[in-house]
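**Q** Supplied in structure tokens, the structure appears directly below.
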Amino acid sequence: MDSTGESMGEPARTAGAGGLLPLERQLHEAARQNNVCRMRELVARKVNVRARNHEGRVALHWAVAAGHEEAVQLLLDRAAAVDDEDVFGMNALLLAACYGHLHILQTLVRSGANIHCENKDGLGLLHCAAQKGNLQVLAFLVEELGGLPLDAADKLGRTPFQLAAEAGYLQVLNFFVDLGCDLNVKDKEGNTALHLAAGRGHTAVVQRLVNLGLGLEESNQSGQTALHAAVEGVHLLCVRLLLRAGSSANAVTQKQSSCLHYASLCGSKDVVRALLQAGACTNLADHRQQTPLHVAVEHARHDIAEMLLLAGVDLDLRDKQGKTALAAAARSNHVSLVDMIIKAERFYSREQARLSCKDPADPVEKTVTFKSDFRPEMRPLRFVLWQLASKHLQPNEWKQLADWWGFTEPQVEAIEQQWTGTKSYHEHGHRMLLIWLHGVSTANENPCKALFEGLMAIGRKELAVYALEDSQNVALCGEALGTE
């Protein structure tokens, strides 16, 4: 329940809460339902029209919130206090502004209500009307009453203009713009109207504020720009709009977090893609020395991790604990992420060796993937590798094969870290073989030949010959990858 009295339209059980005598509860309920006949009967029996429930609400509050003009007038005629406040500081006038009941508000003003009232959060009449989009009420308050400061701030430092932006009311926002309000005002956290609108995903309002020239790179006390706010809220349309308008995709906060850090944490592939297309740097490190990939790994964002790997990222960067993204994934037992990162490391290493002029951080072809390959044509060969790992390789032989095929020591350690018992080497070997298969597949090499050579190199001649001469497996292997 908020301080603007959002619960005023709740069922009778709220109106009849503790703190009231039976007849007083009936008066509250009659006011809420606009049962004027019953109200007259109760008033005639001298029921206290100013009786409060446990939240400080009187019958007038219920009648105003529900928009019952006849009930409101009856209570005012029976000496109901127009400025009575509930525990949130909401009085009848503020409720009328909040719920947009213009005629009732006018009645209350004529009855002497204080137009400069505020609730306990510092919300005045303009605040209440603005954050609920009540344009007619605002027009009356400004044009007929006057004397209400346009840029008055609530206890969070927010003006009616900012509240309209945060709530997404474009017409109300334009109303304040036309009146000449301060467009660049910041709240106590340093947020502009653009921060507030972008953080809630109000695209039309964001576009209007951009057109008005609000600073795209204005930062709040945390160092966030409006783009950070839009990314954190996962508001893709606002993200795209702000990027097109010129927002920097590489702006960082006080904690050195880039928009890509925020997107990696929130897990939105579309937002990450938009940022990468706008030139977001994958290698920026935050206050923990974590790259966006570290963040994606820490929170097991598999799709985001692959996007960052494909975009090109320095896999040697370490966080404050000295962990690379691979080590962080191994520490957290994110097996599939470990395998993806090793595939990426080996892929970029091969590409760099093949094309010495190629930057390993350049984006790779979209056809490359670092996820598990479950294509039907790969099933026979995957089965062969599973049989090899689970039935034939001895405990340390998978490491010997890994060494022969160029796996680094950190890569082997990352695979081996997921230990499940004395038979773990079966799983370790199987994972290593699948990672190796990814490499030979992307390099368009003959997996049967490479497997034979590897087994020969570790002294398993009989197993190498068996694998090569097993006509069924070899045929399946050749059929799967188009080799001889």
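**Q** Would you check which residues across region 415-470 are part of a loop (DSSP other than H, G, I, E, B) and either of a type in the set (D, E, K, R) or touching a residue at least 40 places away in the same chain (Cβ under 8 Å) (or both) and list them? Reasoning before the result, please.
**A** Looking only at region 415-470, we keep the residues that are part of a loop (DSSP other than H, G, I, E, B), and these are 417-423, 443-446, 458-460, 470.
Hits for region 415-470 are Gln417, Gln418, Lys423, Ala443, Glu445, Ile458, Arg460, Asp470.
**Q** Take the conditions open to solvent by less than 50 Å² (accessible area, probe 1.4 Å), of a type in the set (Asp, Glu) and in a loop (DSSP other than H, G, I, E, B) and apply them to Asp187. Does it pass?
**A** Values: open to solvent by less than 50 Å² (accessible area, probe 1.4 Å): yes; of a type in the set (Asp, Glu): yes; in a loop (DSSP other than H, G, I, E, B): yes.
Taking the combined requirement at face value, the residue satisfies it.
**Q** Has region 140-162 got any residue that is of a type in the set (A, V, I, L, M), farther than 12 Å from His127 by Cβ and open to solvent by less than 30 Å² (accessible area, probe 1.4 Å)? Quick ask: steps written out before the conclusion?
**A** Step one: of region 140-162, the residues of a type in the set (A, V, I, L, M) are 141-142, 145, 148, 150, 152-153, 156.
Applying the additional criterion that residues be farther than 12 Å from His127 by Cβ yields 142, 145.
Those left that are additionally open to solvent by less than 30 Å² (accessible area, probe 1.4 Å): none.
No: zero hits.
**Q** Filter region 207-246 down to the residues that are buried (at least 24 other Cβ atoms within 10 Å of the Cβ) and outside any helix (DSSP H, G or I) and list them by number. Before the answer, list the steps.
**A** Step one: filter region 207-246 for residues buried (at least 24 other Cβ atoms within 10 Å of the Cβ), giving 209, 224-231, 238-239, 242.
Within region 207-246, Gln224, Thr225 qualify.
**Q** Taking region 81-124 only, how many residues are open to solvent by 30 Å² or more (accessible area, probe 1.4 Å) and among the β-branched types (Val, Ile, Thr)?
**A** Of the residues in region 81-124, 3 are open to solvent by 30 Å² or more (accessible area, probe 1.4 Å) and among the β-branched types (Val, Ile, Thr).
**Q** Have a look at Gln136, Gln131 and point out the one that is in contact with a helix residue (DSSP H, G or I) (Cβ under 8 Å, 6 or more places away or on another chain), closer than 23 Å to Asp187 by Cβ and open to solvent by 10 Å² or more (accessible area, probe 1.4 Å). Spell out the reasoning first.
**A** Numbers: Gln136 fails: closer than 23 Å to Asp187 by Cβ.
Among Gln136, Gln131, only Gln131 is in contact with a helix residue (DSSP H, G or I) (Cβ under 8 Å, 6 or more places away or on another chain), closer than 23 Å to Asp187 by Cβ and open to solvent by 10 Å² or more (accessible area, probe 1.4 Å).
**Q** Could you grab me the full set of residues in region 30-86 that are closer than 20 Å to Ser111 by Cα and among the acidic types (Asp, Glu)?
**A** Glu69, Glu70, Asp77, Asp83, Asp84, Glu85, Asp86
**Q** Being surrounded by 17 or more Cβ atoms within 10 Å (Cβ to Cβ), of a type outside the set (Asp, Glu), over 47 Å from the mean Cα position of the chain (by Cα) and outside any loop (DSSP other than H, G, I, E, B) is the requirement here; does Val64 meet it?
**A** No.
**Q** Please go through region 343-379 and pick out each residue that is modelled with pLDDT of 80 or more and not charged (D, E, K, R).
**A** The answer is Ala344, Phe347, Tyr348, Ser349, Gln352, Val368, Thr369, Phe370, Ser372, Phe374, Pro376.
**Q** Same structure, new question: Please enumerate the residues belonging to region 69-80 that are open to solvent by less than 40 Å² (accessible area, probe 1.4 Å) and either in a loop (DSSP other than H, G, I, E, B) or at pLDDT below 95 (or both). Give the steps one after another, and end with the answer.
**A** Residues of region 69-80 that are open to solvent by less than 40 Å² (accessible area, probe 1.4 Å), as a first pass: 71-72, 74-76, 80.
Passing the criteria: only Ala80.
**Q** May I ask you to say which residue of Val297, Val313 is farther than 17 Å from Ile415 by Cβ and β-branched (Val, Ile, Thr)? Let's see the steps before the verdict.
**A** Numbers: Val297 fails: farther than 17 Å from Ile415 by Cβ.
None of the other options fit; the residue is Val313.
The values are calculated or read from the model by the stated rules, or taken from the named source; none is laboratory data. Computed from a predicted model, the values in this text were never measured in an experiment. Positions of Cβ are generated from backbone atoms using ideal geometry, with glycine treated the same way; all protein chains shown enter the neighbour counts. Quick note on the areas: whole protein, heavy atoms, side chains included, nothing else; ligands and nucleic acids left out. Shrake-Rupley method; radii C 1.70, N 1.55, O 1.52, S 1.80 Å.
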